[in-house]
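All remarks here apply to the structure that follows.
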Amino acid sequence: MAINTNLNLKKLALTLVLLIVINLLGTQFFHRFDVTNDKRYTLSKTSLSIIKGVKEPLIIDVFLKGQFPGEFKKLQTETQQLLEEFKAYNSNIVFQFVDPLENESQQDSLIQAFQERGLTPINVTLDDKGKQTQEVVFPWAIATYQGRSVKVPLLKNMMGASTAEKVVSSVQHLEYAFANAFNTISNPKEKKIAIIKGNGELHELLIADFLKSIRENYFIGPFTLDSVAKNPQRTLKELNKYDLAIIAKPTEKFTDEEKMVLDQFIIHGGKTLWLVDQVNMEMDSLYSDSGTTLAFPNDLNLNDLFFKYGVRINPDLIKDIMATPIALATGERGSATQYTQFPWFYSPLIYPTIKHPIVSNLDGLKFEFASGIDTLKNGIKKTVLLQSSSYSKRIGAPVEVKLEMVQERPEQSEFKNTGNIPVSVLLEGSFHSVYENRVLPFEDKSFTSKGKNNKMIVISDGDVIRNQLDKNYQPLELGYDKWTNKLYANKEFMLNCVNYLLDENGLINIRTKVVNLPLLDKQKVYDNYSTAQMLTIGLPLLLLSVFGIVFTFLRRRKFGK
């Protein structure tokens with residue numbers, strides 16, 4: 001008996017020693033194992049680099065708590081597991097799930113407070129075997145660090161998509177959403193963006209929502225080219241202090257001196273985002289008694305500049321069967337006026353067709369009077385980010401545009417082999433100056449004919465960045481059409497463009513991550529509800545009961561003698 005006791009004590013001591021050694025080794029060699037096929041819980045090097053710089057508690061309040069459908073439960077679970085992964089690498093990451101509507105007596109005031117902060121709730125329907133109830137869900141989180149806060153959207157808006165499809169799309173971008181938020185509040189702003197003025201560009205009020213969104217990560221300043229006429233050298237010197245120049249829908253001709261300032265800004269490494277209308281046409285000009293107007297080419301004196309860089313924006317309009325609607329008044333005027341939506345073929349609905357970080361998993365975008373872009377061979381890498389549908393064609397300008405076009409029902413045969421027209425192109429490489437081997441518009445000792453590695457984005461529609469105004473002339477969210485009550489992905493696309501051009505740590509590349517979520521088929525669950533209950537609840541209880549009976553019988557048989 002003593003021998004067995006000594007042997008057991010030795011085994012216990014050996015086990016304790018092994019446990020201590022394993023724990024000591026575990027503190028020295030940290031590793032997480034991700035056994036999922038899509039590696040959804042494996043954080044990218046960029047994410048790890050960002051959270052490594054978090055030296056103080058970073059508090060995350062997630063408002064996904066309460067009663068909601070299974071799809072949102074899945075989003076809640078995936079969000080929690082991702083945040084646990086962040087916390088495993090840095091204990092300063094602290095998160096909690098909060099039910100904002102837990103206090104029913106204050107629900108209305110809380111919903112209003114959330115909406116004022118831009119945390120828009122959504123109404124979801126709970127369907128339990130035919131019994132339906134409405135619940136309010138806040139698919140948002142707020143990250144706070146050193147007194148700074150930033151909101152994190154957890155659910156992507158997708159037109160026409162089911163809740164399950166939205167959740168799958170949202171889970172794919174959870175890591176990017178949180179990593180971008182952590183980067184925003186933990187790192188000081190460094191990059192500077194110049195909003196070019198002086199050539200009839202869009203007013204600040206018409207790009208206000210875009211400016212408001214990028215202000216969280218970048219310094220922004222209006223930069224007028226009017227001073228070029230007096231002192232182009234100084235203007236160029238001041239512009240070179242910026243990292244990105246945005247030229248949003250210019251309507252007035254650029255002088256050669258202004259072009260050279262922009263050209264040398266690019267050659268010296270400045271990034272550019274061009275939103276250019278090559279055809280002069282506005283939707284407001286159609287809302288007249290005649291309902292017709294003339295669309296004509298817009299001479300901005302930029303053709304040679306783009307040609308040298310490797311693209312050409314054509315003086316035409318894209319007519320696309322895959323179009324966004326417009327709302328027109330029908331019937332009697334006054335209080336009885338009815339509004340009917342019609343497809344507007346000069347307003348293409350563009351869906352991304354490539355897997356690039358800028359457009360990965362984006363919903364449809366609204367373009368308006370866009371022109372086609374040609375790519376030219378010149379050694380610059382060109383990536384077509386967006387293009388019209390296969391059922392589209394070019395309409396040369398000048399052309400008469402009539403509002404009565406909404407009554408047209410074009411045949412698909414009219415668009416044979418004419419579609420897939422580029423409307424947004426990313427250019428990357430070492431650009432050559434448009435003034436290479438040419439007489440310079442002004443003397444510049446720092447003139448360089450070939451620049452360092454750089455990138456720019458060209459979009460053939462200035463209205464992509466334009467937000468609408470409400471009845472009080474306040475800016476609405478970019479991409480929201482108040483006339484049809486539809487929200488397009490213009491805002492996300494524009495923000496991705498800026499982030500890609502100024503992103504040095506590869507943060508935006510996380511957007512290409514693909515996650516495969518197995519979701520239940522609701523109809524099959526309802527059809528086999530009783531069977532599923534028996535398999536998931538009844539069968540385990542039955543097996544446990546059988547095991548208990550057999551185990552008890554064997555023990556009595558063994559020790560009852």
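A few notes on this one:
- Charge dipole (the chain, unit charges on Cβ, about Cα centre) - positive-most of 265, 233, 63: 63
- Restricting attention to region 444-498, lysine pairs at least eight places apart or on different chains and with alpha-carbon atoms under 28 angstrom apart total 6.
- Considering only 119, 302, 537, and ranking their Cα positions along the charge dipole of the chain that arises from unit charges at the beta-carbon of Lys, Arg, Asp and Glu, the one farthest toward the positive end is 537.
- Each Lys and Arg contributes +1 and each Asp and Glu -1, all at the Cβ; summed about the Cα centre of region 162-284, the dipole is approximately 480 debye.
- Debye log10 I(q)/I(0) for region 440-480, one point scatterer per Cα, at q = 0.17, 0.32 Å⁻¹: -0.69, -1.06
- Mean accessible surface per residue for region 202-283, computed with a 1.4 Å probe while every protein chain stays in place, in Å²: 39 Å²
- In terms of packing, defined here as the mean over residues of other Cβ atoms within 10 angstrom, the peptides 212-221, 61-70 line up highest first as 61-70, 212-221.
- Packing-based ranking of 53-59, 107-113 yields 53-59, 107-113, ordered from highest to lowest mean Cβ neighbour count within 10 Å.
- Apportionment of accessible area to carbon and sulfur, the chain, percent (1.4 Å): 53 percent
- Euclidean distance of C-alpha centroids, region 171-246 and region 294-309, integer Å: 24 Å
- Long hydrophobic helices in the chain: the complete DSSP H runs spanning 24 Å or more by Cα along their own axis with mean Kyte-Doolittle hydropathy of at least 0.0 are 2-28, 539-559.
- For the chain, the fraction of alpha-carbon pairs lying more than 47 Å apart is 27 percent, rounded to a whole number.
- Given +1 at the Cβ of Lys and Arg, -1 at the Cβ of Asp and Glu and no other charges, the dipole of region 258-384 around its Cα centre is 700 debye to the nearest 20.
- What you get for the chain, charging only the Cβ of Lys and Arg (+1) and of Asp and Glu (-1), is a dipole of about 3220 debye around the Cα centre.
- Taking the average, over residues, of other Cβ atoms within 10 Å as the packing measure, peptides 267-277, 388-398, 542-552, 230-240 rank 267-277, 388-398, 230-240, 542-552 from highest down.
- Estimated distance in nm for a label pair at residue 161 and residue 42, the labels positioned 7 Å out from Cα along Cα-to-Cβ: 2.4 nm
- Coarse-grained scattering of region 228-296 at q = 0.17, 0.28 Å⁻¹, given as base-10 log I(q)/I(0) from a Debye sum over alpha-carbon atoms: -0.70, -1.29
- In the chain, the DSSP beta bridges split such that about 70 percent are antiparallel, to the nearest 5.
- Dipole axis of region 374-431 (+1 Lys, Arg; -1 Asp, Glu on Cβ), positive-most option in 396, 419, 385: 385
The values are calculated or read from the model by the stated rules, or taken from the named source; none is laboratory data. Since the model is a prediction, treat every value here as computed from it, not as a measurement. As a convention, Cβ positions derive from the backbone with ideal geometry for all residues, glycine included, and neighbour counts pool all protein chains shown. Calculation scope for accessible area: heavy atoms of the full protein, side chains included, ligands and nucleic acids excluded. Shrake-Rupley method; radii C 1.70, N 1.55, O 1.52, S 1.80 Å.
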